[in-house]
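Peer 1: This structure is in structure tokens; I'll ask about it shortly.
All of the numbers you see were taken from the coordinates with simple rules; none came from a lab. Since we're looking at a predicted model, the values are computed, not measured. Using ideal geometry, Cβ is built from the backbone for each residue, glycine included, and neighbour counts are taken over all protein chains shown.
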Amino acid sequence: MTPNIKPLIAGNWKMHGAGGSLEVLKAAAEGFGEAAPAADGVICVPATLLDRASRVVEGTALQTGGQDCHAAEQGAHTGDVSAEMLADAGAAYVIVGHSERRADHGEGDATVAAKAKAAWRAGLTAIICIGETEAQRKAGETFTVLETQMAGSIPGGATASNTVIAYEPVWAIGTGLTPEISDIEAAHAHIRQHLKTQLGAEVADAMRLLYGGSVKPGNAESILSVDNVDGALIGGASLKAEDFLGIARAAG
Ligand code: PEP
């Protein structure tokens with residue numbers, strides 16, 4: 001972790017959850033303040049649940065977020081959801097540029113940057129995801145890929161309060177695989193260093209850098225103790241309150 005940065009424990013339910021899952025959210029919300037009194041917490045739920053989820057977490061230390069947003073405020077974009085709509089439904093955060101959106105919907109860096117700006121316009125904090133594929137890692141391209149994604153996906157105007165960066169190696173998402181601790185440390189140090197050039201040292205030094213990719217209660221402590229890892233983005237393990245809280249406990 002980074003001294004003076006409040007960690008963020010963020011869940012991503014992906015395309016999981018209906019009304020019955022609000023019980024899980026309730027348990028996570030009720031336990032979060034005690035599990036991680038020094039951290040912020042958010043669970044990014046499907047858009048259909050957001051309004052109800054936001055009511056469930058009201059008065060607790062946990063907040064809600066969306067998993068994507070359209071760049072426009074409104075318009076003829078059938079099936080899309082704007083950042084303003086997420087905010088109206090109680091969201092405080094929105095994930096943009098998740099690798100599943102980059103892969104499934106062909107979202108490139110410019111689209112991700114436009115979505116991040118939309119998030120800010122609506123008063124949301126953008127969680128901007130970056131990360132290399134397995135092939136890129138094997139080709140030794142990890143740092144170049146991260147630099148390109150940061151340059152293209154993080155708009156000028158990013159601050160430590162409107163933006164969180166999530167480093168998610170694509171090959172580690174949902175696979176049970178994680179990089180070596182030394183590789184996480186090197187990637188996060190590289191991201192911080194690059195952000196200093198891109199956004200200036202003052203912003204970069206205060207920005208939260210999350211690690212995402214198969215974080216579980218069993219590996220959270222070692223991952224969260226790495227320098228420049230200021231929290232986690234958690235997919236599968238956020239679907240169970242006890243696992244989410246187990247990870248949160250490691251953030252203190
Ligand atoms: C994710 O969805 O961003 C993620 C990291 O998933 P998982 O924790 O399941 O690997």
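Peer 1: Which of the residues that make up segment 22-50 are farther than 22 Å from Thr163 by Cβ, of a type in the set (Gly, Ala, Ser) and in contact (Cβ under 8 Å) with a residue 60 or more places away in the chain?
Peer 2: Ala27, Ala28, Gly31, Ala35 - these are the residues of segment 22-50 that are farther than 22 Å from Thr163 by Cβ, of a type in the set (Gly, Ala, Ser) and in contact (Cβ under 8 Å) with a residue 60 or more places away in the chain.
Peer 1: Can you tell me which condition Ser99 does not meet? The list is (1) buried (at least 18 other Cβ atoms within 10 Å of the Cβ); (2) within 16 Å of the ligand (Cβ to nearest atom); (3) free of Cβ contacts under 8 Å to residues at least 60 places away in the same chain, and all the others hold.
Peer 2: (3)
Peer 1: Would you be able to tell me the number of residues in segment 198-217 that are among the hydrophobic types (A, V, I, L, M, F, W, C) and in contact with a strand residue (DSSP E or B) (Cβ under 7 Å, 6 or more places away or on another chain)? Write out each step before concluding.
Peer 2: First, pick out the residues of segment 198-217 that are among the hydrophobic types (A, V, I, L, M, F, W, C): 199, 201, 203-204, 206-207, 209-210, 215.
Of the ones still in play, those that are also in contact with a strand residue (DSSP E or B) (Cβ under 7 Å, 6 or more places away or on another chain) are 207, 209-210, 215.
Total meeting the criteria: 4.
Peer 1: Where residues in segment 30-50 are in a helix (DSSP H, G or I), of a type in the set (Gly, Ala, Ser) and over 17 Å from the mean Cα position of the chain (by Cα), which of them is surrounded by the fewest Cβ atoms within 10 Å (Cβ to Cβ)?
Peer 2: The qualifying residue surrounded by the fewest Cβ atoms within 10 Å (Cβ to Cβ) is Gly33.
Peer 1: Among what's in segment 126-147 and is acidic (Asp, Glu) and under 15 Å from Val170 (Cβ atoms), pick the residue that is surrounded by the most Cβ atoms within 10 Å (Cβ to Cβ).
Peer 2: Result: Glu132.
Peer 1: While we're looking at this one, here's another question. Surrounded by 20 or more Cβ atoms within 10 Å (Cβ to Cβ) and at positive phi: is that true of Gly123 in this structure?
Peer 2: Working: surrounded by 20 or more Cβ atoms within 10 Å (Cβ to Cβ): no; at positive phi: yes.
In short, no.
Peer 1: Right, something else. May I ask you to list the residues in segment 221-246 that are of a type in the set (Asp, Glu) and either within 12 Å of the ligand (Cβ to nearest atom) or part of a helix (DSSP H, G or I) (or both)?
Peer 2: Glu221, Glu242, Asp243, listed by residue number.
Peer 1: Further question: For segment 168-181, which residues satisfy the criterion of being in a helix (DSSP H, G or I), aliphatic (A, V, I, L, M) and within 16 Å of the ligand (Cβ to nearest atom)?
Peer 2: Scanning segment 168-181 gives Val170, Ala172.
Peer 1: Out of Ile184, Ile165, report the one residue that is within 16 Å of the ligand (Cβ to nearest atom), within 17 Å of Thr2 (Cβ to Cβ) and not in a helix (DSSP H, G or I).
Peer 2: Ile165
Peer 1: Let me confirm something: among Ala10, Ala27, Ala53, which residue is within 25 Å of Ile173 (Cα to Cα) and part of a strand (DSSP E or B)?
Peer 2: Numbers: Ala27 fails: part of a strand (DSSP E or B); Ala53 fails: part of a strand (DSSP E or B).
When all the criteria are applied, what remains is Ala10.
Peer 1: Just a yes or no: is a residue in segment 51-62 touching an Asp or Glu at 6+ places or on another chain (Cβ under 9 Å), farther than 14 Å from Ala250 by Cα and in contact (Cβ under 8 Å) with a residue 40 or more places away in the chain?
Peer 2: No: segment 51-62 contains no residue that is touching an Asp or Glu at 6+ places or on another chain (Cβ under 9 Å), farther than 14 Å from Ala250 by Cα and in contact (Cβ under 8 Å) with a residue 40 or more places away in the chain.
Peer 1: Further question: Select from segment 200-220 the residues that are within 19 Å of the chain's Cα centre (by Cα) and away from the ligand (no atom under 16 Å from the Cβ) and write down the one among them that is farthest from Thr2 (Cα to Cα).
Peer 2: The selected residue is Val203.
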